[in-house]
1. Counting pairs of alpha carbon atoms under 8 Å apart in space and at least six apart in sequence, what relative contact order in percent does the chain give?
2. Where does helix 86-97 land angle-wise versus the long Cα axis of the chain, in degrees 0 to 90, nearest 10?
3. Below 20 Å, Cα to Cα, which lysines can K65 reach? Residues fewer than 8 away in the same chain don't count.
4. For D175, D202, D541, D439, which order do you get if you count the other beta carbons within 10 Å of each Cβ and list the fewest first?
5. Once both axes come from the Cα atoms, what is the angle between helix 113-122 and the longest principal axis of the chain, in degrees from 0 to 90, rounded to 10?
6. Whole number please: convex hull volume per residue of the Cα set in the stretch 323-398, in Å³?
7. When the helices in the chain are scored as -39500 (n - 2.57) per DSSP H run of 4 or longer and the sum is shared across all residues, what 222 nm value do you end up with, to the nearest 500 deg cm²/dmol?
8. Indicate, rounded to the nearest 5 percent, the antiparallel portion of the DSSP beta bridges found entirely in the stretch 130-241.
Amino acid sequence: MASHMLSYIQRPHQNGYIFETIPRRLESIASRFPDKEAYVFLSPGKPRVSITGAELLEKSRAIAKGLVRRGIKRGDVVAISQPNNIEGLLCIFGVIASGAKLLNLVFRRPDGSDVKALLEKVGNCSALIIHAGHNNAILNACLQFIDAISDNGKVVSKSFPTIHTLVVSSNCNIDGQKFDTLTELMNEQGSGSSLPSLDPDDTALLIETSGSTGEPKLVVHSHRTVLMCGVHLQDSMGYTSHDVVYSERKMQWIGGFPFQYLLNGVTTVMTDYCFESVKEQCMFAYSAMQQEKCNIACLLPITLFGLVDIALEDKSILILDNIHTGGAPVAKTCLAVIGILTKKVTVCYGSSEAGFLTSITVSNISEYVDYSSGFTHQGVEVKVIGTNGNIVERGEDGEIYVRTPAMYRGYFNDFENTKKHLNESGWFKTDDVGHITPDGQLVTHGRVSELIICGVLKVSPSNLENLVRTHPDVLDVVVIPIRDPIKFQVPCACIIFKPNAKTETDDVRKFCESSQSDIAVNQYSKFVLQYIPEYYVRFVDFPRMYTGKINKFELAQEAAKRLNIDESKFV
């Protein structure tokens, strides 16, 4: 077999590595752009707020010094639960500057049992910095495992003896209890507040994976690997210090971390508002991009769908230089925004573990291969492995493995999962399915664990989603498995229709039935699609995780409930 036909692609590293700490990088950017807005935060019905580079450096250092005064040492774990606002941004840089490992917490259950389980996995958390939440919901959840709080913010927890500090973003009162606030932490004067000297290989972040298909894991990233993730993001976006970026990603996760600012001092516009529908979210994004004169946007594929109709209705159409998207396989239909809202779209592929791996920038939709995520970034290697453990030929589907200078250091306190996914040669087993085209593009179809076992066949949800999306009234679709007594699983299409669409789910079924004979997965796959979805369910929006990704477990539960299918009888 000729070596050039194997499913292996790579690009040499051209610009050198960044071997630097995040606080030192923040200092460098702030010195270059002291008065320039680093971040702008917008929310419906609230005043516009922003922070400059000099303010970001000064205030995050104040938080770091406050943590050091409270006994935080280099290598400790400090957990934060903050929204996309200035306080959240300051906490990210403040915790890292204190020398601590930053852990992001997401409170999903009122009793805090999910966070408690995560803290048990971590084992040595020293401090919590939280936003109190709506009606103090997050604070109340914390109090489920904190037994006593003194006036100076010191806490006692029998469940977690290492936790000694609790800081709340703003003043709040529960039964007369006084809580240490972020403002007090920043403004407190005292000795012993010099910041530690850090090494680029020190751990900076513990990032929880989305858990969309299983139990979330904690990804370990150093200062060096975080900044290399930023280099690869710049590879894909090509941004400069003159750009203004609108991002709907969460800062505490790999997709929304402040890479753009750390690399080039880019101004980023964000919101911390939780919208009730995709339409409302899209309308806000469109207005915000106009108001702030953004020329680049980082958006999820579903937002691209929703923005097309809004842009077409607007007489003064906003034309962006680029839209950066990813987080799920991107179908050609997502790129309908080209020429309407943006000059081009960049599709990116990556993960919390490995950062931003490949990308392709598209200005002509006819040239885009469905679900392509393009070519490797500098220093990145990709190979596709078949079921026999060998590299397959180009055009053949298999599991995607990657190797990159931005690679994570393993899963925190989880040797078994680390060994399962990261081998001795540095290759990361992604669990994603795809192939490499003859010209070297990586095409991703979904995840190994998401294949629907339908009778004797394994059906790819992305192939069915691509079919349903071709219906002109479908805004977005997710195909999930529903348990079946004969076939084990059958596909169910969960559909969001475009605003004002009169179409019913049965119309989509008939559309799929009439289109079935024309379907092929793609020109490279050996698998011929033999199924259309068995069920069709209408949704206004999909349940989502904190990262913005769709929570497919909850979606499947809700779909089964609406279909009156009791999945418990299959257990």
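Derivation of every value follows stated rules applied to the coordinates shown; laboratory data play no part. None of the values given here were measured: they were computed from a predicted structure. Positions of Cβ are backbone-derived with ideal geometry, glycine not excepted, and every protein chain shown enters the neighbour counts.
1. Computed value for the chain: 13 percent relative contact order.
2. So the helix axis and the longest Cα principal axis differ by about 70 degrees.
3. K73, K101, K154
4. On the way: D175 5, D202 19, D541 16, D439 9.
With the sparsest Cβ surroundings first, the list reads D175, D439, D541, D202.
5. So the inclination is approximately 70 degrees.
6. Spread over its residues, the Cα hull of the stretch 323-398 gives 111 Å³ apiece.
7. Result for the chain, helices only: -7500 deg cm²/dmol.
8. Of the beta bridges lying entirely in the stretch 130-241, close to 75 percent run antiparallel.
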